[in-house]
Structure formats: structure tokens, C-alpha cells
Amino acid sequence: PRYRPDWASLDARPLPAWFDRAKVGVFVHWGVFSVPAWGSEWFWWHWQGQHDAAYERFVRRRFPPGTTYAEFAPRFTAHDFQPRQWAQLFQRAGARYVVLTTKHHEGFTNWGSPVSWNWNSVDTGPHRDLVGELGEALRESNLRYGLYHSLMEWFNPLYLADKQSDFKTQSFVLKKTMPELYHLVLKYKPDLIWSDGDWEAPDSYWNSTSFLAWLYNDSPVKDTVVVNDRWGRGCSCRHGGFYNCADKYRPGTLPDHKWEMCSSLDKLSWGYRSNMSLAEVMDEMSMIEELVQTVSLGGNYLLNVGPTKEGVIVPIFQERLLALGRWLDTNGEAIYESQPWRVQVENTTDTVWYTSKGPVVFAIFLLWPLDSVLHLSSPIPSPGTQVTLLGFGGTLEWQKQPGKGMLITLPSMLPSPRPAQSGWAVKLEGVK
């Protein structure tokens, strides 16, 4: 069927299946904001939109008098950007898709946008098509490619004029936003469009429904492309493909719509900060916990890194991503292509999260029980029930728990020579 440019029709489109199966993605925030590399990727706004004293002081101390934000662009060099190395790292992290910022709210495009003259990565800075290079490398590694794109630009004169008219005029949309979105789709054929910057104006101003109708009906990716929910003020958590709802969104219970939790390894920023301290980086345990909690509640987990202006993903981020990948090498069977079970979490002595695949149920526990006996109160065992621990050979002994549920005797040694593993998964066959 052809989709009409209205939400009733667009929201009825089934979500392409690859997205729900994928479960794990990596988000990359990279742009001119990686040059000051301080505060956050909202640097320009805090500095010149809000005249935040700390940002003004930072620029005064580090840059010549009269420095403008535009002068940061030539220093965004990407000298050390090796897209194939990025792709290998993301693959080893267990990601099935990667989302790159093609343009943040600063308006600088990471490809040679024909409507962003001299404010793009081909005309200035790296003099490279960053969007295209990463896309090629990801596809060689069989990873899906998502493009983050901000609808708005803080200081674009066309946008400011439209805003002044209370969004009754659409010069910015017609001359900048929409030409860029169509160009991105036709040139790079993305698997996902991660829209942002939508909160000031309604979707009617952005022409979002016309664009999505074209995307779903006639674009080269009409059958495979997935989009999020940020297409205009009030759309979030209500319209679009999968829902983001809010940054770092955590629903308390199972939502009735496919969703994604985006989180960042740097707890204080999405873009790279040169003054980041170790205490501000998410540890392995928190990362695994967020992943498990998200997938149990039917979500995808999109974990962000901010590369440096040279295009380096700093070693602490690499270390965290590889730790995630190692955990998924062992426990991925409980994550990828799984579905929420009838019970998502049980808060007994230790929190246990559940996922399922057909008749098989996985119970994921984040702390190893002191007596090496795992208490599960939700599964109903049968005489033929079999229990195994992912990453550990052989079956485990279990008994019915007085009352309901089951007691599982875990191996008396930790299942891995790595002492600090965070989280294990038992596979239950023949339970209800």
C-alpha cells in the first residue's frame, strides 16, 4: 500500500524486522564541537546563545580575542580517522548498527552538502566525505548504517527568520533541511534516519509527513529504512517508527511500541571532552545493566562515543566497547533477536531480568549469588526442564522451589577466568 502524508497512515507502517532483531547499536557524535572539546556538543549554544560565563572564560583563555565558532572548523582535521578501524571496533563491540551525526544543531555537515556551502567537511576541515567513508567501511563489515540529522540549526539566519515569523514561513525547511534529508537518502541509502532538533516547531513546519511518505513509498530504501520519533514538537513518543521519547529514556514497564534507549559512555556529554575524568565514564557493570534492562523491556540499546577532532576513539571508550563485545560473545544468545517474556523483571533478593526466544527463556542476573544458588520465582518448571549457563559447558542441577519457581545450583566456580564479569545468563528449556 502507498502511505499518505499523515500520521495515521505513516504510523501504520510495520517496522522493518531487522531493527528489533539487532538490539545493539553504537552512536557517534562528531563535528566542529569536537574542536573546543569542552563542556558538551552544545558548546556553541552555551557560549554564544546563552553567553554562559564558564564558556566565555574558556574561549578567552584558550583562543585569540575575537575568535568565532566558524574558526574552529579548519581545526576539525580528522587526521587520524580510519573508518575501517572504527567499523572493526564497533563490530567487536557486538553492535549490529551504527548511527553517525551527519549534522548536529551547529549546522556543519559531515559530507559535502550542496546547500551548506563552506560549512561542511569537504570544503573545510578534513576535506573528506566522513559520512560516505564510514558508510563504506560499515557495509564491508555487514553493519547497518544510521544517519543522525538535526532538523534545526541554532544560528542559521533562515531558521532564525522562520522562528521570528512563529514558523509561518518555511525558507529554512525548503532551502536547507529538506534538500539535505533527500540528498542524504539518495546518496547514502541509510538503513536508519535518527532525526533530532524538532522541539521548537510543529511537524507541519518541517514537512515531516511529506518526507516520510516519500521515504516509505518511493525512496531507494523504502522497504528497509527505520526512523525514530523526533519529527516535530509533540511527535516524540507518539509518532514515527521506533520511539526514543527522551535521551537516556528508561520506561518502568514494558512499552507497547518498539523503542530505543540511547546512552553515552561519557555520562556528562555526547561529544568528546578533553577534560573527561575516569569517574565520568560509565563502567562495565552499568553498561551491561542498561543493555539488559533495555532489551528485557523490548528496547534497543544505542551506546554513544564521541571521537576527538582528529578522529580517534579514545582508549577508555575502546576498552568499554570491547568489554561489551566480550560479554555479548558469551551472552548474546539471550540478547540478539530475543523477545520480552511474560515477566520482564523479578525483584527478589537479586534482580533478574528475562528475555525469550520462542519456548526458550533466558534469566539474566547481574550479581552472582553468594551461595551460588539462583532463586527464580517466575518460571514454572516441568519434569523435562533443562538449565544451562551461557558460556559454561554442561547442564545445571535445579529443584522446584517450595511455593513457586525454581532453585538453580550454579557452578561453584565463576564460569569465567575473568573475575570481574558483570552479569550471566541461564537458559531455561521446558519452562512456562
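Give all pairs with beta carbons closer than 7 Å in which a residue from the range 224-246 that is farther than 16 Å from Arg13 by Cα meets a residue that is basic (Lys, Arg); count only pairs at least 6 apart in sequence or on separate chains.
If the second residue must be basic (Lys, Arg), the pairs left are Ser236/Arg230; Asn244/Arg230.
Can you tell me which residues in the range 18-37 are over 20 Å from Leu322 (Cβ atoms) and among the charged types (D, E, K, R)?
Once the filter is applied, which keeps residues that are over 20 Å from Leu322 (Cβ atoms) and among the charged types (D, E, K, R), the range 18-37 yields Asp20, Arg21.
Take Leu268 and decide whether it is closer than 22 Å to His29 by Cα and either loosely packed, with under 15 Cβ neighbours inside 10 Å or not small (Gly, Ala, Ser) (or both). Walk me through how you get there before you give the answer.
Details: closer than 22 Å to His29 by Cα: yes; either loosely packed, with under 15 Cβ neighbours inside 10 Å or not small (Gly, Ala, Ser) (or both): yes.
For Leu268, the condition - closer than 22 Å to His29 by Cα and either loosely packed, with under 15 Cβ neighbours inside 10 Å or not small (Gly, Ala, Ser) (or both) - is met.
Filter the range 198-214 for residues that are hydrophobic (A, V, I, L, M, F, W, C) and either over 15 Å from Gly241 (Cα atoms) or touching a strand residue (DSSP E or B) at 6+ places or on another chain (Cβ under 9 Å) (or both) and give the result. Lay out the reasoning, then the answer.
Let us first name the residues in the range 198-214 that are hydrophobic (A, V, I, L, M, F, W, C), namely 199, 201, 206, 211-214.
Across the range 198-214, the qualifying residues are Trp199, Ala201, Trp206, Leu212.
Do we have Met276 as open to solvent by 10 Å² or more (accessible area, probe 1.4 Å), under 30 Å from Pro126 (Cβ atoms) and assigned by the TED database to the domain that holds Gly252 here? Spell out the reasoning first.
Details: open to solvent by 10 Å² or more (accessible area, probe 1.4 Å): yes; under 30 Å from Pro126 (Cβ atoms): yes; assigned by the TED database to the domain that holds Gly252: yes.
Answer is yes for this residue.
So, in the range 81-92, how many residues would count as being in contact (Cβ under 8 Å) with a residue 60 or more places away in the chain and either within 17 Å of Asp129 (Cβ to Cβ) or in a strand (DSSP E or B) (or both)?
3
Does the range 58-77 contain at least one residue that is touching a residue at least 12 places away in the same chain (Cβ under 8 Å), within 18 Å of Gly311 (Cβ to Cβ), open to solvent by 40 Å² or more (accessible area, probe 1.4 Å) and of a type outside the set (Lys, Arg)?
Yes: the range 58-77 contains one or more residues that are touching a residue at least 12 places away in the same chain (Cβ under 8 Å), within 18 Å of Gly311 (Cβ to Cβ), open to solvent by 40 Å² or more (accessible area, probe 1.4 Å) and of a type outside the set (Lys, Arg).
Would you please name the residue that is least open to solvent (accessible area, probe 1.4 Å), looking only at residues in the range 213-257 that are charged (D, E, K, R) and within 26 Å of Glu290 (Cα to Cα)?
First pass over the range 213-257, keeping only residues charged (D, E, K, R): 218, 222-223, 229-230, 233, 238, 247-248, 250, 256.
Checking which are within 26 Å of Glu290 (Cα to Cα) leaves us with 229-230, 238, 247-248, 250, 256.
Values: Asp229: 0, Arg230: 21, Arg238: 146, Asp247: 81, Lys248: 78, Arg250: 127, Asp256: 157 Å².
If we take residues in the range 213-257 being charged (D, E, K, R) and within 26 Å of Glu290 (Cα to Cα), then Asp229 is least open to solvent (accessible area, probe 1.4 Å).
For the range 381-394, give me each residue that is surrounded by 13 or more Cβ atoms within 10 Å (Cβ to Cβ) and either farther than 17 Å from Leu328 by Cβ or small (Gly, Ala, Ser) (or both). Walk me through how you get there before you give the answer.
Going residue by residue through the range 381-394, those that are surrounded by 13 or more Cβ atoms within 10 Å (Cβ to Cβ) are 381, 385-392.
Listed by number, the residues that qualify are Pro381, Thr385, Gln386, Val387, Thr388, Gly391.
Looking at the range 277-288, I want the residues that are assigned to a helix (DSSP H, G or I) and have a partner that is modelled with pLDDT of 95 or more and surrounded by fewer than 17 Cβ atoms within 10 Å (Cβ to Cβ) with Cβ atoms under 8 Å, at least 6 apart or on another chain. Which pairs are those?
Hits for this filter: Leu278/Ile316; Glu280/Lys267; Glu280/Leu268.
Being modelled with pLDDT of 95 or more and either within 19 Å of Ile335 (Cα to Cα) or surrounded by 15 or more Cβ atoms within 10 Å (Cβ to Cβ) (or both), is that true of even one residue in the range 395-403?
Among the residues of the range 395-403, at least one is modelled with pLDDT of 95 or more and either within 19 Å of Ile335 (Cα to Cα) or surrounded by 15 or more Cβ atoms within 10 Å (Cβ to Cβ) (or both), which makes the answer yes.
Right, Glu346: open to solvent by 30 Å² or more (accessible area, probe 1.4 Å) and either at pLDDT below 95 or under 32 Å from the mean Cα position of the chain (by Cα) (or both) or not? Steps first, please.
Numbers: open to solvent by 30 Å² or more (accessible area, probe 1.4 Å): no; either at pLDDT below 95 or under 32 Å from the mean Cα position of the chain (by Cα) (or both): yes.
Considered against the rule, which asks whether it is open to solvent by 30 Å² or more (accessible area, probe 1.4 Å) and either at pLDDT below 95 or under 32 Å from the mean Cα position of the chain (by Cα) (or both), Glu346 comes out as no.
Tell me which helices (runs of 4 or more DSSP H) are completely within the range 98-209 and hold 1 or more residues being acidic (Asp, Glu), within 27 Å of Ser40 (Cβ to Cβ) and outside the structural domain of Ser263 (by the TED database), or say none if there are none. Full working, then the answer.
Numbers: elements: 130-140, 157-164, 178-188, 203-206.
Helices (runs of 4 or more DSSP H) meeting the threshold: none at all.
Determine, yes or no, whether Tyr148 is farther than 14 Å from Lys189 by Cβ, open to solvent by less than 20 Å² (accessible area, probe 1.4 Å), aromatic (Phe, Trp, Tyr) and without any contact (Cβ under 8 Å) to a residue 24 or more places away in the chain. Give the derivation first.
Details: farther than 14 Å from Lys189 by Cβ: yes; open to solvent by less than 20 Å² (accessible area, probe 1.4 Å): yes; aromatic (Phe, Trp, Tyr): yes; without any contact (Cβ under 8 Å) to a residue 24 or more places away in the chain: no.
Criteria not met by Tyr148.
Take Ala95 and decide whether it is over 23 Å from Ser274 (Cβ atoms), open to solvent by less than 10 Å² (accessible area, probe 1.4 Å) and either outside any helix (DSSP H, G or I) or modelled with pLDDT of 95 or more (or both). Before the answer, list the steps.
Working: over 23 Å from Ser274 (Cβ atoms): yes; open to solvent by less than 10 Å² (accessible area, probe 1.4 Å): yes; either outside any helix (DSSP H, G or I) or modelled with pLDDT of 95 or more (or both): yes.
In short, yes.
Mind checking which residues of the range 16-39 are surrounded by fewer than 18 Cβ atoms within 10 Å (Cβ to Cβ) and either free of Cβ contacts under 8 Å to residues at least 24 places away in the same chain or touching a His at 6+ places or on another chain (Cβ under 9 Å) (or both)?
If the condition is that a residue be surrounded by fewer than 18 Cβ atoms within 10 Å (Cβ to Cβ) and either free of Cβ contacts under 8 Å to residues at least 24 places away in the same chain or touching a His at 6+ places or on another chain (Cβ under 9 Å) (or both), then Ala17 is the only one that fits.
The values are calculated or read from the model by the stated rules, or taken from the named source; none is laboratory data. Computed from a predicted model, the values in this text were never measured in an experiment. Here the Cβ is made from the backbone with ideal geometry for all residues, glycine too, and neighbour counts use every protein chain on show. To get the accessible areas, we keep the full protein, side chains included, count just its heavy atoms, and leave off ligands, DNA and RNA. Shrake-Rupley method; radii C 1.70, N 1.55, O 1.52, S 1.80 Å.
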